[in-house]
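K.L.:
Pasting a structure here, questions to come.
The values are calculated or read from the model by the stated rules, or taken from the named source; none is laboratory data. Worth saying up front: this structure is predicted, and the values here are computed from it rather than measured. Glycine gets a Cβ as well: all are built from the backbone with ideal geometry, and neighbour counts include every protein chain shown. Just so you know, the surface numbers come from the protein's heavy atoms only, side chains and all, with ligands and any DNA or RNA stripped out. Shrake-Rupley method; radii C 1.70, N 1.55, O 1.52, S 1.80 Å.
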Amino acid sequence: MMRWRTFLTKSSHYLFVGVFLLLVFSFAMFQGGFVSWFLFFSVSPFLIYALLLLVVKERFVLFERKMEPSHVESGQTVKVTLTMERKTRFPFIYMMAEELVGSEALVIAREKGASAVRFVGFSKKFEWHYELKNLPRGEHRFFGADIVFCDFFGWAQKKVTVDKEHVILVHPRVHEMQYVPLQTKFDVGAMASPYAVVKDTSMAVGLRKYEPGDRFSWIHWKSFAKTQTLQTKEFEDRQSQELLLMLNLENAPLFEEKVELAASILNTIVRSRGDVSLVTMGDEVTTFPVIQSAHQLEKVMYHLASLRPSEDAKSILRGEQYLKQIATLLYVTNSMSEELLHTLASSVKQCICLVVSEGLPAERVDWHSYKQVRVMYVRPNDYHHLFAEVMRS
């Protein structure tokens, strides 16, 4: 269907130029006189040029798209530079370029710079600069560009479609947070202690084979000097279990703020040399165990960037025995109910529920009767002192 449409469009341009040239020539032949022939010789160069424009084959040998910055967070502005180079030097008067995008968000973001008009002449290489403003979180795709070359009066047009796929990943916005170690428990005894969620790196208890993502400070360089094989130190873990962050992906008005809170918590803990695991509950349940390194954190951020709201979010709170072994569960959601509160209290040893809300709801659940659960209502984008508030509550 598209081929026939392209063929008919091109044929209509040929027909228009040919008929126009024939009419001007016929008028000069039958009318005669200086004015008629002057009109014919004045118009014919433009008509002949239009015919040549339709006949010449044009293609692009270079089409590059560069974006700054390379790491993009939601709400940021991205500067896009398109570099194009065509094969021939056939003189075109001007060209119109328009990006082919795969999401409505990109259409809105590039509204002011949606298309560009450039005077071409004999030039082979040219650039197009525009901005994408206030990009939303997610994965956005560019498929290429439609480039239309035109003659003086728009009688003839040549359209060239350049296929060049490009994916831009917009990460959730990460807010600065003041890190305060959460309360955990030692393996021996039940004494509560504000011990950071970090391994005790003062004493190595063994060696293992190096794995991608291990910290360089944990590499045993003496063994590497002898064997030329990278090995990683193993340290004593003074905690009963690590921290688990659970994100409920149920569709809600403050869904983006909820994802940003989870991303900010993960970034703060990992940058503070802490260990944390992540579980996201949407249409599917996804688990990321023991996030320690920047490389592992980048994989998690990629996952958070591609998350979508779920109308029927799956839950793994019931019947999971390993939740009983978790020292502290951070549960991020948009709403809290009595049923959820009871389920959390019966599933984990200690849980901190972070409810992202514009304000305190009219009817709040009474969580004080549950020793294992604490509920905190968090205002959007007000995350800086969250860890300290958790410790005070």
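K.L.:
Step by step: first the residues of region 94-122, then only those that are at pLDDT below 75 and either part of a loop (DSSP other than H, G, I, E, B) or of a type in the set (Phe, Trp, Tyr) (or both), then the one that is most open to solvent (accessible area, probe 1.4 Å). Which residue is that?
P.N.:
Among those that are at pLDDT below 75 and either part of a loop (DSSP other than H, G, I, E, B) or of a type in the set (Phe, Trp, Tyr) (or both), it is LYS112.
K.L.:
Looking only at region 349-365, count how many residues are at pLDDT 80 or above, assigned to a loop (DSSP other than H, G, I, E, B) and open to solvent by less than 30 Å² (accessible area, probe 1.4 Å).
P.N.:
Going through region 349-365 one residue at a time, the tally reaches 1.
K.L.:
What's the number of the only condition in (1) modelled with pLDDT of 80 or more; (2) in a loop (DSSP other than H, G, I, E, B) that SER44 fails to meet?
P.N.:
That leaves (2) as the condition not met.
K.L.:
Okay, next question. Looking only at region 123-144, count every residue that is within 28 Å of PHE90 (Cα to Cα) and among the polar types (S, T, N, Q) and tell me the total.
P.N.:
Residues in region 123-144 being within 28 Å of PHE90 (Cα to Cα) and among the polar types (S, T, N, Q): 1 in total.
K.L.:
Okay, next question. Based on this model, can you work out whether VAL300 counts as buried (at least 18 other Cβ atoms within 10 Å of the Cβ), at pLDDT 85 or above and over 23 Å from ILE168 (Cα atoms)?
P.N.:
no
K.L.:
Something else: Quick check on region 123-180: of everything there that is part of a loop (DSSP other than H, G, I, E, B) and without any contact (Cβ under 8 Å) to a residue 60 or more places away in the chain, which residue is farthest from the chain's Cα centre (by Cα)? Before you say what the answer is, go through the steps one by one.
P.N.:
First, the residues of region 123-180 that are part of a loop (DSSP other than H, G, I, E, B): 123-124, 133-137, 151-156, 172-180.
Those left that are additionally without any contact (Cβ under 8 Å) to a residue 60 or more places away in the chain: 123-124, 133-134, 154.
On the way: SER123: 35, LYS124: 33, LYS133: 14, ASN134: 12, GLY154: 39 Å.
By that ranking, first place goes to GLY154.
K.L.:
Residue by residue through region 66-87, note down the ones that are in contact (Cβ under 8 Å) with a residue 60 or more places away in the chain, of a type outside the set (Asp, Glu) and either under 18 Å from TRP128 (Cα atoms) or open to solvent by less than 60 Å² (accessible area, probe 1.4 Å) (or both).
P.N.:
MET67, VAL72, SER74, GLY75, VAL78, LEU82, MET84
K.L.:
Out of all the residues in region 203-232, which are in a strand (DSSP E or B) and either modelled with pLDDT of 75 or more or within 30 Å of ARG308 (Cβ to Cβ) (or both)?
P.N.:
LEU207, ARG208, LYS209, ILE219, GLN231, THR232
K.L.:
Select from region 48-88 the residues that are part of a loop (DSSP other than H, G, I, E, B) and under 23 Å from GLU98 (Cβ atoms) and write down the one among them that is nearest to the chain's Cα centre (by Cα).
P.N.:
THR77
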